[in-house]
Amino acid sequence: MLKHMRDRTESIPLDDLGALRIKGADAERFLQGQVSNDMKLLAPEHSMLAGYHNAQGRTIAILRLVRTAPDEVLAVLPRELAAMVAGRLAKFILRAKVKIDDVSEGLRIEGLVVAAGEEPPCDDAATWVRIAAEPARWLHITKAQQAGRALGNRLTWRRFDIAGGQPQVYAATSEEFVAQMLNLDALGAIAFDKGCYTGQEVIARAHYRGRVKRRMQRFLTHAPQQLVPGAAGRLADGRAFKVVDAVTGEDGTCEFLAVTALAARDEAQADSATLILEATALPLPYDFPA
């Protein structure tokens, strides 16, 4: 468990993150038909979470969208997915006045955990993106050739993501989970009153018919354990799970986010090769939609 009140500001390298630049007169309209959130609500120099899904409503990538200019949006995502997502989006441009570029190599992305009572340092040459309130966390995006300030441990940032119930999708889990399984509705990453977008029909049906029975939940293993995104097994109560994200603590135990059934139920035990995990459920800082 991490204490939320920080006594010092810490800058952390996020070299595994990349970004796409979506630019052009039709950038907003184009993205409105591709992602799950309402692009009309994305104010200048602000950010929002959105899912990019396939036709079955399964999440290809989770995007942190930042409006950097009236006709330009930056989409932050894992670098390992950037080229693939850019290629898939490009197939739908058709006659739209928009250009999509993978700008991961040209940017430096760092995470800033700001101490209580402090503000992030002023830097007019950078893009600042606030992503969490407690503790205050920001993304600091600059050109790659600018000197970085990051000295912190990448695992610290991942621990805050997991404690905050903030999912990520990697190559190992892309197209594995329907949007609500990752709690994107609880995180405000889905606008149910916007127009159509890829996967919208499946996502809306799950919302309005109340059929979300598997969701991302937070756990801590009882014993030392190494888990990675995409790892699967069963909890001791019989529920099958698949790992969304995980981080190992100093004592070897693993705190992780995993998609599993909301309620324990009797299930036939799998073969002996299946991982059976003793773990304690931990709270998330938000409630699931009713």
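So here's what we get for this one:
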| read-out | value |
| --- | --- |
| Qualifying residues in segment 11-25 (those that are among the small types (Gly, Ala, Ser) and over 18 Å from the mean Cα position of the chain (by Cα)) - the one surrounded by the fewest Cβ atoms within 10 Å (Cβ to Cβ) | Ala25 |
| Per-region count, segment 40-76, residues in contact with a Gly (Cβ under 9 Å, 6 or more places away or on another chain) and under 21 Å from Phe192 (Cα atoms) | 15 |
| Residue check for Val113: touching a helix residue (DSSP H, G or I) at 6+ places or on another chain (Cβ under 8 Å), among the β-branched types (Val, Ile, Thr) and modelled with pLDDT under 95 | yes |
| Check on Gly51, under 21 Å from Leu184 (Cα atoms), surrounded by fewer than 17 Cβ atoms within 10 Å (Cβ to Cβ) and either out of contact with any Pro (no Cβ under 6 Å at 6 or more places or on another chain) or of a type in the set (Val, Ile, Thr) (or both) | no |
| Gly210 vs. criteria without any contact (Cβ under 8 Å) to a residue 24 or more places away in the chain and either of a type in the set (Ser, Thr, Tyr) or at positive phi (or both) | yes |
| Given (1) under 26 Å from Arg137 (Cβ atoms); (2) within 17 Å of the chain's Cα centre (by Cα); (3) surrounded by fewer than 17 Cβ atoms within 10 Å (Cβ to Cβ), number of the condition Pro44 does not satisfy | (2) |
| Conditions (1) at pLDDT 95 or above; (2) closer than 29 Å to Asn37 by Cβ; number of the one not met by Thr248 | (2) |
| Members of segment 78-99 that are more than 20 Å from Asn54 (Cβ to Cβ), assigned to a loop (DSSP other than H, G, I, E, B) and not aliphatic (A, V, I, L, M) | Arg95, Lys97 |
| Qualifying residue in segment 146-165 (condition: within 17 Å of Gly57 (Cα to Cα), within 12 Å of the chain's Cα centre (by Cα) and not in a helix (DSSP H, G or I)) | no |
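The values are calculated or read from the model by the stated rules, or taken from the named source; none is laboratory data. As the structure is a computational prediction, the values presented were derived from the model and not from experiment. Cβ: placed from backbone, ideal geometry, glycine included. Neighbour counts: every protein chain shown.
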